[in-house]
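All remarks here apply to the structure that follows.
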Amino acid sequence: MGSLFRFAYCCTCGTRHRQKPETCCGGENFKYSVWYVRYFAMGHSREEKIGPSRELAMRVLRLRETEVAEGRFRLQKENKALLNDFALGDYWKLYASKQKSAADFLGRLTKHIIPEFGEYYLHSITPYQIEKWLNKLDESLSVASVNRCLTKLKSLYRKANEWGITDNNPTLEIKKRKEHNEILRFLSIEEYHRLVEAADSEYLKAALALGVATMLRRENLFGLKWEHCDLENRTITVPGVLTKSGESLILPIIEPVYQVLNSLPRSISGYVIVNLRTGTRYKQGMRVGFEKAKELAGIDPAFRWHDLRHTGASWLAQEGVDLLTIKELLGHKDISSTQRYAHLSPEHRRKQAEKIAARFESTADIQRMRSK
């Protein structure tokens with residue numbers, strides 16, 4: 001039979017005890033370590049450091065005892081790397097910091113992953129422990145945010161496996177939460193014009209128009225430079241290093257976009273939309289002005305900047321533009337992401353389906369049915 005234990009540190013003399021002694025330096029001031037498990041396998045007594053949860057330690061102990069009994073136990077060839085050291089060390093320096101979403105990586109690591117798992121060894125974390133963490137995140141974060149946190153943890157373990165840091169990957173068995181993306185917010189034509197009129201600056205008016213007409217993501221819109229805009233050939237080219245898909249996105253400059261771009265002055269920074277106070281790009285979009293304009297225009301407070309992109313795509317679908325074209329304009333890799341707009345063009349689909357009606361009209365069966 002195995003057992004659980006933890007160390008007791010005397011805060012007076014610093015001595016470490018397996019159990020809390022009756023007295024040590026004449027005091028009772030002790031600090032306890034995390035839980036360990038001890039079990040017998042392959043002819044030796046073995047110990048593993050688990051963490052602060054006694055419940056988790058008990059589960060690990062039962063798992064090890066089952067593995068030993070069924071002959072599935074194998075020695076852990078681990079270098080006992082703490083998740084905190086690996087995450088902010090090699091993982092960040094060699095991989096995460098070089099990604100386009102480096103800021104997102106760092107934010108989720110420091111706010112959610114490291115506070116939960118930082119003091120655990122990579123090889124000791126279990127799927128059960130991760131599920132409990134995700135359930136805790138469910139209480140304060142959206143489903144999408146929880147999935148992003150899980151994605152970052154999966155990425156961390158994938159790299160740890162590739163680099164031989166650990167053979168363990170408890171994230172393989174963990175599935176993402178189902179995201180309910182069926183809610184599609186977009187502006188009517190009247191709402192759009194109200195929003196533009198409520199904008200408190202020409203740059204915000206221009207940004208709103210470009211957000212709908214180009215359907216660029218906010219990061220790409222506010223990161224758009226004049227060098228990406230070819231007004232002569234009327235195209236916008238967003239390099240692949242800046243897009244979510246990693247592929248270059250080439251968009252046509254339609255007349256409203258052409259007029260907006262021609263109305264904007266060229267800034268020294270090279271960005272199309274610039275902060276007049278700093279002369280540089282907006283790091284978080286024009287959030288304050290956007291929220292104020294929404295309030296003045298009576299737009300749903302839940303409407304996000306990203307929904308301007310949905311507005312442009314929705315208007316295209318309502319005009320009967322096919323989904324494949326909308327997919328290309330949005331820069332989607334998979335048309336499944338574009339399918340949400342399909343229900344917005346029922347009249348267009350009806351007209352297309354009616355094209356085979358004449359074939360039925362010409363059949364003898366239909367003629368006979370009419371004659372009866």
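The values are calculated or read from the model by the stated rules, or taken from the named source; none is laboratory data. Owing to the predicted nature of the structure, the values given are computational and were not obtained by experimental measurement. Because the Cβ atoms are built from the backbone with ideal geometry, glycine has one as well, and the counts that use them run over all protein chains shown.
Observations on the structure shown:
- Test: residue in the stretch 161-178 that is under 30 Å from residue 339 (Cβ atoms), within 13 Å of the chain's Cα centre (by Cα) and assigned to a helix (DSSP H, G or I): no
- Odd one out for residue 240 among (1) touching an Asp or Glu at 6+ places or on another chain (Cβ under 9 Å); (2) among the small types (Gly, Ala, Ser); (3) not in a loop (DSSP other than H, G, I, E, B): (3)
Listed here are the residues, each with its yes/no results for (1) assigned to a helix (DSSP H, G or I); (2) surrounded by 14 or more Cβ atoms within 10 Å (Cβ to Cβ); (3) touching a helix residue (DSSP H, G or I) at 6+ places or on another chain (Cβ under 8 Å); (4) modelled with pLDDT of 90 or more.
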site: 269; (1), (2), (3), (4): no, yes, no, no
site: 278; (1), (2), (3), (4): no, no, no, no
site: 285; (1), (2), (3), (4): no, yes, yes, no
site: 307; (1), (2), (3), (4): yes, yes, no, yes
site: 324; (1), (2), (3), (4): yes, no, yes, yes
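- Neighbours by Cβ (under 9 Å, 6+ apart or cross-chain): first from the stretch 163-180, touching a residue at least 40 places away in the same chain (Cβ under 8 Å) and in the same structural domain as residue 120 (by TED's automatic domain parsing); second small (Gly, Ala, Ser) and part of a loop (DSSP other than H, G, I, E, B): 165/81; 166/81
- Residues within the stretch 182-219 that are more than 23 Å from the chain's Cα centre (by Cα), over 17 Å from residue 262 (Cα atoms) and either aromatic (Phe, Trp, Tyr) or surrounded by fewer than 19 Cβ atoms within 10 Å (Cβ to Cβ) (or both), tallied: 10
- Filtering the stretch 326-348 to residues that are in contact with a His (Cβ under 9 Å, 6 or more places away or on another chain) and either in a helix (DSSP H, G or I) or under 18 Å from residue 252 (Cα atoms) (or both) leaves 326, 340, 341.
- Test: residue 124 is without any contact (Cβ under 8 Å) to a residue 24 or more places away in the chain and surrounded by 14 or more Cβ atoms within 10 Å (Cβ to Cβ): no
- Sole residue being within 22 Å of the chain's Cα centre (by Cα) and farther than 25 Å from residue 208 by Cα, chosen from 356, 335: 335
- Subset of the stretch 304-325 (residues that are within 22 Å of residue 195 (Cβ to Cβ) and within 26 Å of the chain's Cα centre (by Cα)): 304, 305, 306, 307, 308, 309, 310, 311, 312, 313, 314
- Odd one out for residue 267, checked against (1) in contact with a Ser or Thr (Cβ under 9 Å, 6 or more places away or on another chain); (2) within 24 Å of residue 310 (Cβ to Cβ): (2)
Residues checked against (1) crowded, with 16+ Cβ neighbours inside 10 Å; (2) modelled with pLDDT of 90 or more; (3) at positive phi:
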{"residue": "87", "(1), (2), (3)": "yes, yes, no"}
{"residue": "94", "(1), (2), (3)": "no, yes, no"}
{"residue": "105", "(1), (2), (3)": "yes, yes, no"}
{"residue": "138", "(1), (2), (3)": "no, yes, no"}
{"residue": "147", "(1), (2), (3)": "yes, yes, no"}
{"residue": "155", "(1), (2), (3)": "yes, yes, no"}
{"residue": "162", "(1), (2), (3)": "no, yes, no"}
{"residue": "168", "(1), (2), (3)": "yes, no, no"}
{"residue": "179", "(1), (2), (3)": "no, no, no"}
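- Candidates are the residues of the stretch 81-116 that are of a type in the set (Gly, Ala, Ser) and in contact (Cβ under 8 Å) with a residue 40 or more places away in the chain; the one that is nearest to residue 153 (Cα to Cα) is 87.
- Checking the stretch 105-117 against the condition returns no match, with no residue being closer than 30 Å to residue 261 by Cα and not charged (D, E, K, R).
- Here residue 227 fits the description: charged (D, E, K, R) and either in a helix (DSSP H, G or I) or modelled with pLDDT of 95 or more (or both).
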